[in-house]
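Novice: The structure follows.
Just so you know, all these numbers are worked out from the coordinates, no wet-lab data involved. Computed from a predicted structure; not experimentally measured. All Cβ positions, even for glycine, are placed from backbone atoms using ideal geometry, and neighbour counts span all protein chains on display.
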Amino acid sequence: MKAGRCLALMMGLALWASAASAAQDMVLWHSYRGAELKALDSVVKSFNNEQSTIKLETISIPYEAMASKLEVAIPRGHGPDLFIYAHEKAGAWSANELLSVVPQAQAQWAQQNMLPQAFKGVSVGAAVYGYPLAVKSAALFVNTALVKEPIKSVDDFGALKGKPGIYPLVYETDSFYFHAPWFLGLGGSPLDAQGKVALNTPAFAESLDLVRGFQERQWVPQEVTATLVNNLFNGGQAAAVMTGPWFLGEIKKEVAYEVRPLPKLANGQAATPFLTVEALWVAQTSANAQAAHQVARYLADASSAQIRLHQGRQVVPLASAWRGDGEREIPQDLLAFYEQAQVSVVMDNRPEMSLVWEPAQLALQNVLRDGVPAQEAMAKAAHRAAAIQKPLPPAQSPTVYLILLSLLVLAGMAYLIRGVVRINQQGRGKQSAVGWLWTLPAMIPTLLLVILPFVFSLGLAFYAHDKGSFTFVGLAHFKDILFAQTFDLLKPLSFYYALAVTILWTLSNVSLHVAIGVLLAVALNQKGLRLSGWFRVILILPWAVPNYITALIWKGMFHKQFGAINAVLNSLDLEDISWFSSFGTAFFANLCTNIWLGFPFMMVVALGALQSIPSNIYEAAQVDGATPSQQFWMITCPNLLKPMIPALMLGCIWTFNQFNIIYLVSGGAPDNSTDILITEAWRWAFARQGRYGYAAAYAALIFVLMLVLFQLQKKVNQWQTQK
């Protein structure tokens, strides 16, 4: 078989090889690690050994950066010849002409031999753009020590509700990806034929009521995260978990488990998860697209699939690979995932699919955290979907803007020339030139890394982005934001609502940072305090730990069911609090986290200032009969004011744009009400179909606000100097 395959490959490359005198290099980008990487290396090594016409080289790219690198590199001809990526962007990338169409013969081979869902995932309309390599979907991991009978129906989970502390089913209930098996199994579809979000349907309402019942009967825990799924299953507290093949590497060796297909629903239909297709794509700009397609066929066919199945432990979509090779037994867990893949719905690869996640998750959180009825939650989800699917502003002529820009450039050049002439007239030309020459090493990086990106971002605010193309819309984004043309003035998603939350967030944090920091500094500055050095080290640790780690720890502490804070409340005979179900409690959770991170900085600044106050002032005050309270207000505070004002202004700037805490702790919950300006801008850029122009307009307005804050700091410093 190997010789025949090599012969077919060489015949497909014959025309290209006749024009080449040496082996042609081809580059393949991927994000594989571990066993998948070893399997890919084995396949590539076999390919390079079997022929000498092409030398295939692989380059590993972090998955998080892969999409953006491809979208930048391929149009400019600097990208790979082939790359491996999930199918979800196939619609957008084919529209932007990043992908080469699979030749008809290869497409027919894929259609005849691949799982139908996988073939659909790499197809856009009538064209085929990719070669499926692996498929991934959710399935049921069952703890065989706790589950003795097959789970054929969702009702069977009720029979597993026995021992206290053990949940019949655990999965990320807030995630629409893991909610999809119920929704799709009930006949739902996230998008309609026109590409509009279609969540206001009976199927979605029924699926919401289903998971509400799971939670009310305590079949599933509350506010489940991926970490909680891992901990409960490995700790023997979950009879079954619903997750994907990536979970195989997380299971402890002592846990006995099996992977099984998802159970049937009350309507008799099987729960139907989303299917993600990992495929091999040929870049449109590949210098040898025909040969690249032959290489892609090699990497996707039977012999390669066997290596990827057994060595890489991938769920390959090639049907013949599951018949076995007569030498190795197919692992049971992978076989179960393949069975589940046959009862799945491939995730829609149209760009509009990215708009489904936010409104769907909003509905799930409203139902599971806030107890909102399904119909009301769907209405909120439909309103959110309509808001983020708003039409783009109409195109405008850039003529007037170009004239204004030209006038500004001319005015700037005139101002610069005038300054140079004045310096020369004063006889300081040579001295100034030497000064500018010395600053050049600092000016060039500043120009490249700060000024040019800022100018680009500002220019982007005047454009609307849609499916890879940019249209000039002038000030339309600024008008929409400032005049609240799309959203209610004082409700989430409005600029003014986010601004109000940002101001409240900044003032609350900075005032508490200063208050706690000064009090601790005063306490540490007391003479005769034993172990003061150790106390200083301990109190500065929160500032030393990376803030994203701190944020995740505090988020876990605020968990309703398993969090340390509610455990303390329970020990005091107080009720649990659902911290992320209301604005007040979610804001408080964010505030506590950021106070923990911010007070050490203020403490260090205040401590340094306290130690610079002469001790004889306090001694004189004591002689005059001043009480400790009077000494604090009359001596300590005035002497702290000068060094603390710059620290306070710096704290305002840091806190104003504190993205990590909001994103990682509350995630904007509930209903994006705790989002601040910077997180709202991020959502428009990366979570709402790439509205980069709208996000850039947000960023420009944030810059204006920061500029006002900077000017305020400048005035305060001038006042302080004069005083």
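Novice: Convert each backbone phi in the stretch 426-442 into a coupling constant with the Karplus relation 6.51 cos²θ - 1.76 cosθ + 1.60 (shift: θ = phi - 60°), then list the ³J(HN,Hα) values in order as whole Hz, x for Gly and Pro.
Specialist: Those phi angles translate into 7, x, 10, x, 5, 5, 5, 4, 5, x, 5, 5, 5, 7, 4, x, 8 Hz.
Novice: Further, regarding this structure: Restrict the search to the stretch 224-262; then list the GluC sites (Glu not before Pro) that DSSP places in a loop and that have at most 13 other Cβ atoms within 10 Å of their Cβ.
Specialist: Answer by residue number: 254.
Novice: Once phi is turned into θ = phi - 60°, what whole-Hz ³J(HN,Hα) does the Karplus curve with 6.51, -1.76 and 1.60 give for every residue of the stretch 145-155, x standing for Gly and Pro?
Specialist: 6, 9, 10, 9, 10, x, 9, 8, 9, 4, 5
Novice: Then there's this: Could you tell me the center-to-center distance, by alpha carbons, between the stretch 184-210 and the stretch 224-262 in angstrom?
Specialist: 28 Å
Novice: Can you spot the lysines whose alpha carbon is less than 16 Å from residue 148's alpha carbon? Ignore those fewer than 8 places along the same chain.
Specialist: Partners found: 161, 163.
Novice: Shifting gears a bit: Over all distinct Cα pairs, what is the inverse of the mean 1/r for the stretch 213-271, reported as the Kirkwood hydrodynamic radius in Å?
Specialist: Hydrodynamic radius (Kirkwood, Cα pairs) of the stretch 213-271 is 13.0 Å.
Novice: Something else now. What residues qualify as long-range amide H neighbours of residue 346, i.e. H under 5 Å apart, gap of 5 or more or another chain, H built at 1.01 Å from N?
Specialist: Close amide H contacts, sequence-distant or interchain: 275.
Novice: With the cut-off at 36 Å, report for the chain the share of all Cα pairs above it, as a whole percent.
Specialist: 56 percent
Novice: What pairs in 380/491; 136/560; 196/467; 69/89; 136/555 have C-alpha atoms more than 24 Å from each other?
Specialist: As for pairs spanning more than 24 Å Cα to Cα, those are 136/560; 136/555.
Novice: Counting other C-beta atoms within 10 Å, and keeping those with at most 14, which DSSP coil trypsin sites (Lys or Arg not before Pro) do you find in the stretch 480-568?
Specialist: 527, 530
Novice: Output wanted: per-residue J couplings in Hz (rounded whole) for the stretch 702-719, from phi through Karplus 6.51 cos²θ - 1.76 cosθ + 1.60, θ = phi - 60°, x for Gly and Pro.
Specialist: 4, 4, 4, 5, 5, 5, 4, 5, 5, 5, 4, 4, 4, 5, 5, 5, 5, 4
Novice: Out of residues 5 or more away from residue 280 or on other chains, whose amide H comes under 5 Å of its own, with H placed 1.01 Å from N in the peptide plane?
Specialist: Those lying under 5 Å, H to H, from residue 280 are 131, 133.
Novice: Just to confirm my numbers, what's the Cα centroid distance between the stretch 309-371 and the stretch 510-578 in Å?
Specialist: With the stretch 309-371 and the stretch 510-578 each reduced to a Cα centre, they are spaced 42 Å.
Novice: Can you tell me the Rg and the Dmax, both Å, for the Cα atoms in the stretch 545-673?
Specialist: For the stretch 545-673, the Cα radius of gyration and maximum Cα-Cα distance read 20.1, 60 Å.
Novice: Next up: If amide hydrogens are placed 1.01 Å from N in the peptide plane, which non-local residues have theirs closer than 5 Å to the one on residue 262?
Specialist: 140
Novice: Over the chain, what relative contact order in percent results from Cα pairs under 8 Å that are six or more residues apart?
Specialist: RCO, the chain: 14 percent.
Novice: Let me ask something additional. Trypsin sites (Lys or Arg not before Pro), restricted to the stretch 317-395: which are DSSP loop and have at most 14 other Cβ atoms within 10 Å?
Specialist: 328
Novice: Sort out for me the Cα centre separation of the stretch 456-487 from the stretch 645-701, rounded to whole Å.
Specialist: What the calculation gives is 18 Å, centre to centre.
Novice: Also: Measure nothing fancy, just the Cα-based angle from helix 332-342's long axis to the longest principal axis of the chain, in degrees from 0 to 90, nearest 10.
Specialist: Tilt of helix 332-342: around 90 degrees.
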